[in-house]
Amino acid sequence: MKKTDLKKYLFAFIITAAIFLTATLLSGYFNSKKIDELRSIEDTISLDILSTETQFQLLEEASCEDISNSFLSQELGTLGERLSHTEDRRGSDKEITDLKRYYSLLLIKDYLLMKQVSEKCDFDPVFILYFYSNEGDCPDCIREGHVLTRLREEYPQLRIYAFDYNLDLSALRTLISIRAVENNLPALVIDDTVYYGFQGIRDIETIIPDLVDLREEGSATSTDPLPESSAE
């Protein structure tokens, strides 16, 4: 082998090794930044969960007026959106699943707390339990989620609780068993009745006639009418 060829191969090897090393270092750097960012989001969600749980303890000792004027469910809804966004970006790894399980426990606690409030206070919330799957086997779950988000914005009186049907959580399994919810998703539990399949806004308004009255009361200030969701 000629000396010039040896130098050429050696030079090519050095360049290739340098490119590989640089790519590895850059990949490690950006992966590290991504992990740090996700951990920061995790820490924020964990802190929000702790804060919400503390509110539960405070509300249990509060007066009926304090509870009926609380925005606890709205805060849980915001927390759920952040957790869902993080799950979409990161995927359902163990840490996200643990946070999701903890969050679902908070939803169940809020549901039980509000049922107690409705019994002892002049407060009559409307409950919707929503069961979905994000394993790719429920094409209508995303549409149903959008409908319920819109309903929550339009009717603050609604208490909507969304649960991942496949989540490994004993309390959730008990709730599913008590409500006799089958694995036929999406599923809504309204007034102890289970409704399977996609339900549009008009469908839910038919199931809960009081919503129409609530909308008529607020029609004077509403400038964004709801779409005919049976066609969604």
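Neighbour counting of Cβ atoms within 10 Å sorts the residues Phe20, Phe127, fewest neighbours leading, into Phe20, Phe127. Normalised Debye scattering of the stretch 125-223 at q = 0.12, 0.25 Å⁻¹ gives log10 I(q)/I(0) of -0.40, -1.42, counting only Cα atoms as equal scatterers and leaving out solvent.
From least to most packed, judged by other beta carbons within 10 angstrom and beginning with the fewest, Ser104, Ser84, Ser51 follow the order Ser51, Ser84, Ser104. In terms of surrounding Cβ atoms within a 10 Å radius of their Cβ, Ile178, Ile207, Ile201 rank from fewest to most as Ile178, Ile207, Ile201. Can you list the residues, at least 5 places off or on another chain, whose amide H is less than 5 Å from the amide H of Ala162, using H built in the peptide plane? Under 5 Å from the amide H of Ala162: Tyr130. Compactness of the stretch 101-162 is given as radius of gyration and Dmax, 13.3, 42 Å, from Cα positions.
Quick note: the coordinates plus some simple rules give every number you see, no bench work behind them. All figures in this text were calculated on a predicted structure; none of them were measured in a lab. When we count neighbours, we look across all protein chains shown, and the Cβ atoms used for this are built from the backbone with ideal geometry, even at glycine.
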